[in-house]
Structure formats: structure tokens, C-alpha cells
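Colleague: First the structure, then my questions, so here it is.
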Amino acid sequence: MKKFLLTLLATALLSVLASCSEQKPQLNEQDRLFQKELMSKLIMAKTGDVIEIAEGTFNFNRSLSLNVDGVTIRGKGHNKSILSFKPQIQGAEGLIVNADNIILENFAIEDTVGDALKVNESENLIIRGIRTEWTNGPDTDNGAYGIYPVQCKNVLIENSIAIAASDAGIYVGQSENIVVRNNTAKFNVAGIEIENSYKADVYNNIAENNTGGILVFNMAELEVRGHHTRVFNNKVHNNNTENFAAKGVPVSVVPAGSGIMVLANDDVEIFANDLKDNDTAHITVASYYSADWPFDKTKFDPYPLNISIHDNQYSGGGNSPDHFDLKALKVAKFGFSGSLPDIIWDGAYDTKKFTDKNQGARASLCIYNSKATFANVDLTNDLAGFSTDITVHNCQAKPLEAATLPARFFQ
């Protein structure tokens, strides 16, 4: 009987493996040779090497990794040098980098099982002209992150494209001194996300057709406290894609129709952006209480502080909010034919630090040089203090300093 059961289990396992194998395209001889050659170059690389990726589409069935400082990986263009991981059977990432002084430019990474491009604990990182994409479009089974530096210092991401990540297309987390510019993020859950990071500039980007266009988040479980982020000169349009994140991950709570969203972050300046047709709200400023996640009150400050919003342009939006409570809010306060305001604040501030309500409001959020509509929904008091009075927030915070990268980034 025991032998019979073992035989039965083995047969079932072989059947599953065969099924998985049938679903994955197989590498031809040219792909196998190219994979072996590129993996060898990455393993044997020395500081100062430039690893060239030829023009063409090359299939890989396992992850690539680079662990040598001072290496450049350069393709012929994001539409010409394409690394496809549709056949991937080993590893999660497409390319994972654990090294300093790295330049990655002008190639594409497609259809990885997990994250497309992950860079961990890197100092002086340039990502330029990279495209990450899941070619089947938005899907919960897509990898979480497209371009994904974490715990890095001095980061430049420019002229890149991120499409259909099930978490964030371009994500920078727990990092310092960051410039994200001239990129396009579309059909991701979060287009561009800065999380628990210090001194970030996000500008001249296009964030369109995501669930949320640009997110600036602080997560309680991470040790690094995020602050000092500037979001400016971006086009944030039509971010109304249904949220397709895996259940339980943080971005799964982001309402479709969110333009720019700040969660529990301090010192954020949002200005000169073009916000258009985001169906929930163009800008949302929220405390950690809005997310309804547990946190240690002795270690984490849940309130956003010193958020400055000015000189943005708003058009459309707010007329078809996501989530039942937001739909109900729209109908209750603005009628069936009305729209949610351009800027929504959840109204939560530290009442122990600010005993005066208006002082707490201004310390949390300043809005000036603006024709925006506004609502304080007073979430923590069950909307009891709901108000559309924007004049309470008529204050002007000191402009934040720009992120400054080393001179080598511009050579």
C-alpha cells in the first residue's frame, strides 16, 4: 500500500511538472547560448566593465544577477534589446543587483515571475532608458514591482517606462537622495511610489491609467521614516484602472481614480502638476488611520505633517469614486450628479501636539495659489466635522530643498 501511494504521488508530481513545462515556452539553442553568455559576463565582471546587450529579443528561464561594483549594462534601446522571462522557471526577479556605482540603460525586461528589476543596497545608481512590462496587461499574477531600488543612496531613474506591475511600476523604498524624472508609468497599481525614503524629487513624469498615479507613503513596519519629497511638473491623468493588487498588500487599499496620494509622510511639496480626470480625487492626504492598519503608537507617527500643495492645475475627476464609502460620501455631500473635490484630507492630526484645531490643520496641510476644490472629511470623528472650507489651509510653507546627486551622474 505504501509503495502504491508513493507511486501515485510521484505520478501526480510529474503530471504537475509536465503541465507547468507545457505552459512555459522553451528556450531554443540561440537563447540558451545567449543566456549562458550573459550570465557568465555578469558573474565574471570586473569594475569598469561595460556589458553590452545586442539588438533582439532574448528569452531567459532563470534570473540574472550582478554583484560587482562599477559595472554598466547597456542595450541598444528599450524597444530593441529585450530580455523576455516568459519561460522563467527559476528565480523570481528578472535582474537583481547588489552592488555600487551601477549604470543600467537602454534595454527592456518583460514578463518576469516576480519583480522585473530589483536593486538592493546600492550607492550611486543610474537607471536610464529601461522598460519593464508585463505584456498581458494588468493582472494580479504579474510581478509586483517593475523598477525597484530599495535601501539605496543616490538614485537616478530617468527616461524609463513601467507597465502593468501588480504593485508599483517605479518604486523607491527606504532610500536617500533620489531623482525620478522624465519617466512614463501606466497600467500599474501604483504608477510611481516613494516609500519610507528621504529627499526625493519626482518630476516631469507621466503617470496615466494606473490605479494610483503617484504615491508618497510611510509604512509603520519599516525602520526608516520617510520625509522631504517634492512632486512637481508631472502629468497625472486618468488613473482609473481597477485595483488588481494581490489581496492584503498595502497598495490593495488604494482607490482606483487616485491621482497623487500622501500617506503618513512629512515634508511633502506638491506643485505645478497637471492633474486630469482622476475619478476619485486628484490629491489625497491621509493619516495611517485611513488605511486601518495596526501599528505601534510608541514607535510610529501616523500623521502627515507639513504637506504643501500649490500651483497645480486640475480638470475633471471626482465624479466616479472607487470604494463604497467614497461613493456614499459623494452622494451624501455633493449629490448624485456632483463630484468629490480635487483635494481630500482625512482631517486627522496630533491633538496632543496641536490643541487648536486650525493650528493643527495648517501644520498638516497648506494650500495656496490654487483654484482647487477641497474637503476635510474628518475621518476619525466619523465625518462629524466635514468641511469644504479651504481657507483654513491658506498658509505657505517654506519650499523644500532639491535632491542633489553627485556630479558623476551628469557626465
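Colleague: Of the conditions (1) under 20 Å from GLY212 (Cβ atoms); (2) buried (at least 19 other Cβ atoms within 10 Å of the Cβ), ALA403 clears all except one; give me its number.
Modeller: Looking at each condition in turn, ALA403 falls short on (1).
Colleague: OK, next. Would you point out the residue of the range 183-200, among those that are crowded, with 24+ Cβ neighbours inside 10 Å, touching a residue at least 40 places away in the same chain (Cβ under 8 Å) and not aliphatic (A, V, I, L, M), that is farthest from LEU400 (Cα to Cα)?
Modeller: Looking at the filtered set, the residue picked out is ASN188.
Colleague: Just one of (1) within 17 Å of LEU275 (Cβ to Cβ); (2) in a loop (DSSP other than H, G, I, E, B) trips up ALA185, so point out which.
Modeller: (2)
Colleague: Next up: Would you confirm, using the coordinates I've provided, whether ASN243 is of a type in the set (S, T, N, Q) and more than 15 Å from the chain's Cα centre (by Cα)?
Modeller: The answer is no for ASN243.
Colleague: Mind counting the residues in the range 31-42 that are surrounded by fewer than 15 Cβ atoms within 10 Å (Cβ to Cβ) and either of a type in the set (D, E, K, R) or touching a strand residue (DSSP E or B) at 6+ places or on another chain (Cβ under 8 Å) (or both)?
Modeller: 3
Colleague: When you look at ASP139, is it touching a residue at least 24 places away in the same chain (Cβ under 8 Å), in contact with a helix residue (DSSP H, G or I) (Cβ under 6 Å, 6 or more places away or on another chain) and not hydrophobic (A, V, I, L, M, F, W, C), yes or no? So that I can check it myself, show each step before the final result.
Modeller: Details: touching a residue at least 24 places away in the same chain (Cβ under 8 Å): yes; in contact with a helix residue (DSSP H, G or I) (Cβ under 6 Å, 6 or more places away or on another chain): no; not hydrophobic (A, V, I, L, M, F, W, C): yes.
When the stated conditions are applied, ASP139 does not pass them.
Colleague: Right, another one. Could you list all residues from the range 146-182 that are in contact with a Lys or Arg (Cβ under 6 Å, 6 or more places away or on another chain) and either at pLDDT below 95 or among the small types (Gly, Ala, Ser) (or both)?
Modeller: none
Colleague: Search the range 339-359 for residues being assigned to a loop (DSSP other than H, G, I, E, B) and free of Cβ contacts under 8 Å to residues at least 12 places away in the same chain, and hand back the single one that is surrounded by the most Cβ atoms within 10 Å (Cβ to Cβ).
Modeller: Among those that are assigned to a loop (DSSP other than H, G, I, E, B) and free of Cβ contacts under 8 Å to residues at least 12 places away in the same chain, it is PHE354.
Colleague: Can you say whether VAL285 is buried (at least 18 other Cβ atoms within 10 Å of the Cβ), closer than 23 Å to SER166 by Cβ and in contact with a strand residue (DSSP E or B) (Cβ under 8 Å, 6 or more places away or on another chain), as far as the supplied structure shows?
Modeller: When the stated conditions are applied, VAL285 does not pass them.
Colleague: Out of the residues in the range 301-338 meeting the condition of being among the aliphatic types (A, V, I, L, M) and part of a helix (DSSP H, G or I), tell me which one is farthest from ASN278 (Cα to Cα).
Modeller: The qualifying residue farthest from ASN278 (Cα to Cα) is ALA332.
Colleague: Could I ask something else about it? Does at least one position in the range 226-244 carry a residue that is farther than 18 Å from THR284 by Cα and surrounded by fewer than 19 Cβ atoms within 10 Å (Cβ to Cβ)?
Modeller: Checked the range 226-244: no residue is farther than 18 Å from THR284 by Cα and surrounded by fewer than 19 Cβ atoms within 10 Å (Cβ to Cβ).
Colleague: Can you go through ILE344, ILE390 and tell me which one is farther than 30 Å from ASN124 by Cα, under 28 Å from the mean Cα position of the chain (by Cα) and β-branched (Val, Ile, Thr)?
Modeller: So the residue among ILE344, ILE390 that is farther than 30 Å from ASN124 by Cα, under 28 Å from the mean Cα position of the chain (by Cα) and β-branched (Val, Ile, Thr) is ILE344.
Colleague: Could you identify the single residue in LEU305, LEU329, LEU263, LEU365 that is of a type outside the set (S, T, N, Q), within 27 Å of GLU401 (Cβ to Cβ) and surrounded by fewer than 22 Cβ atoms within 10 Å (Cβ to Cβ)?
Modeller: Matching residue, one of LEU305, LEU329, LEU263, LEU365: LEU305.
Colleague: Could you pull out the residue among HIS310, HIS393 that is at pLDDT 95 or above, of a type outside the set (Gly, Ala, Ser), closer than 29 Å to ARG181 by Cβ and in contact with a Leu (Cβ under 6 Å, 6 or more places away or on another chain)?
Modeller: Checking each option against the conditions leaves just HIS393.
The values are calculated or read from the model by the stated rules, or taken from the named source; none is laboratory data. Owing to the predicted nature of the structure, the values given are computational and were not obtained by experimental measurement. Neighbour counts run over all protein chains shown; Cβ positions are idealised from the backbone, glycine included.
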